[in-house]
Amino acid sequence: EEDARRLLEDALALEEAGATLLVIEMAPRTLGAEISAKLSRTATIGIGAGPEGRGQVLVLAAVPGTAPGPDARFVRNVRAGRDSAEEPVRAYVREVKEGTFPAPEHCY
């Protein structure tokens, strides 16, 4: 709880300092949603922090399924069953826009 409070306070301080974009990585979905809701001028981009922000980001090396670590649950193998390197990226973009990624199992 203390870490979550501090992250929220830091996000608000960054917005006050003029930040226009904040990346929230590997944070509990509820915290990502709370930070996104409390910021009025700063867009939030999630990477494992839930779909409530203004967008999603995923390290391109992780898109084919190469997880950066054992607890990186925001990674999903979108390349499986696809022949080209372009198809997984298009699938990722489509799923983010449709709201089907990240799903609950990709959040903390």
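No lab work stands behind these numbers, since they all come straight from the coordinates. For clarity, every value in this text was computed on a predicted model and none was experimentally measured.
Descriptive notes on the structure:
- Extension gain for the segment E95 to L8, taken as residue separation times 0.36 nm less the Cα-Cα distance, is 28.5 nm to one decimal.
- Rounded to the nearest whole Hz, the Karplus-based 3J(HN,Hα) values (6.51 cos²θ - 1.76 cosθ + 1.60, θ = phi - 60°) of the stretch 21-26 follow the sequence 8, 9, 8, 10, 10, 6, with x at glycine and proline.
- Close amide-amide hydrogen proximity is noted between V23 and I45, each under 5 Å apart and 5 or more residues distant or on a separate chain (H modeled in the peptide plane; Pro and chain starts excluded).
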